[in-house]
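The values are calculated or read from the model by the stated rules, or taken from the named source; none is laboratory data. None of the values given here were measured: they were computed from a predicted structure. Counting neighbours? That spans all protein chains shown, and the Cβs are built from the backbone with ideal geometry, glycine included. Areas reflect the complete protein model, heavy atoms only, side chains present, ligands, DNA and RNA absent. Shrake-Rupley method; radii C 1.70, N 1.55, O 1.52, S 1.80 Å.
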Amino acid sequence: MPIERIEVYLDGGTEPVQVLTQPPFKVTYDTRSLSDGEHLLRVVTHYTNGTKEVKEVPFKVANTPGVLLQGLEEGKEVSGTLDVTLRVADPDVKPTRERFPGLGAAIATAAILGGVWLFFAATGVTNKTLEEVAKPPAAAEAGAHGGDHGGAVAAVDEALKTKGEAVYSASCAGCHQATGKGLPGVFPALDGSKNVADKAYTINILLKGKGGMPAFAQLSDEELAGVATYIKNSWSNKFGGVTPDEFKAAR
């Protein structure tokens, strides 16, 4: 049925934030103008015969950078002078050698930006140590030459990958960039990462987190599998697909 126009509303607003009349019907909206928390996207499609269709999609905004504390643990008893370092995961705050010394700080500064954040050890001098700590070098090499421990690359579900791209673009690209290159010394690159090649490592870090990377077990298995598949098969990566059942089995 021919479409006359599509109106896009936010949070019960009476005026549409966008009106689309020509394909491709693509909505572009800067969520930085919204407060962090729950929101509602309402799409009203008007057809030329006078009928309309309404679809509502709840979503969550999380643009505020994450903050990590170094020097103070939860429940820790302290006395005298308290010296606490705050690490802000904001790509606009450029790291310096003094602010980010050594491996411990490198892990601490890989932190949160968005509803879904991903952390994988990157290629490069600074993050090579992270890769070696995360798993034996032999396993890393195997992952890089066959997707998973040198075996056959799993088939990629293109529909699932497309869903994962939407999650990545909305919640992960702020840290790891749309190019997957990350921010050197702050957010590790995903493009060409040996750890991304390892399916078991990818699943484990998404479900359980590591260092400054929190766990995201609250996401659905399909969301997790989608973003994992996208990351493992974008840019120069050709590491094969991941299924929701594999995340379900790993929980």
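Hey, any idea what % of the stretch 1-49's accessible area is carbon plus sulfur with a 1.4 Å probe? All intermediate terms of the calculation are to be shown ahead of the outcome.
Values: 1760 of 3330 Å².
Percent of accessible area from carbon and sulfur atoms in the stretch 1-49: 53.
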Ranked output for segments 12-19, 185-192 by mean other Cβ atoms within 10 Å, highest leading, reads 185-192, 12-19
With every protein chain present, what is the per residue accessible area of the stretch 193-251 (1.4 Å probe, Å²)?
37 Å²
Loop-resident sites, the stretch 10-59, for trypsin sites (Lys or Arg not before Pro), counting at most 14 other Cβ within 10 Å (DSSP):
26
Calculated from backbone phi, Karplus (6.51, -1.76, 1.60) coupling profile of the stretch 218-234 in Hz, x at Gly/Pro:
6, 6, 6, 4, 5, 4, 5, 5, x, 6, 5, 5, 4, 5, 6, 9, 10
So which of 52/248; 52/161; 194/248 end up more than 26 Å apart, counting from Cα to Cα?
52/248; 52/161
Tally up the carbon and sulfur contribution to the accessible surface of the stretch 182-251 as a whole percent, 1.4 Å probe, everything protein left in place.
55 percent
Take the Cα atoms of the stretch 18-58, find their three principal axes, and give me the spread along each one in whole Å, biggest first.
39, 18, 11
Applied in sequence order to the stretch 80-85, the curve 6.51 cos²θ - 1.76 cosθ + 1.60 (Karplus, θ = phi - 60°) yields integer Hz couplings, x standing for Gly and Pro, of x, 6, 9, 10, 10, 9
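Above 23 Å lies some portion of the pair distances; for the stretch 163-251, what is it as a whole percent of all C-alpha pairs? Mind showing how you got there, number by number?
Details: 479 of 3916 pairs.
Of all Cα-Cα pairs in the stretch 163-251, 12 percent lie more than 23 Å apart.
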J(HN,Hα) series, the stretch 156-171, from Karplus relation 6.51 cos²θ - 1.76 cosθ + 1.60, nearest Hz, glycine and proline x
9, 7, 5, 5, 5, 4, 4, 5, x, 5, 5, 5, 5, 4, 7, 10
Contour minus Cα-Cα span, residue 235 to residue 169, at 0.36 nm per residue, comes to 22.4 nm
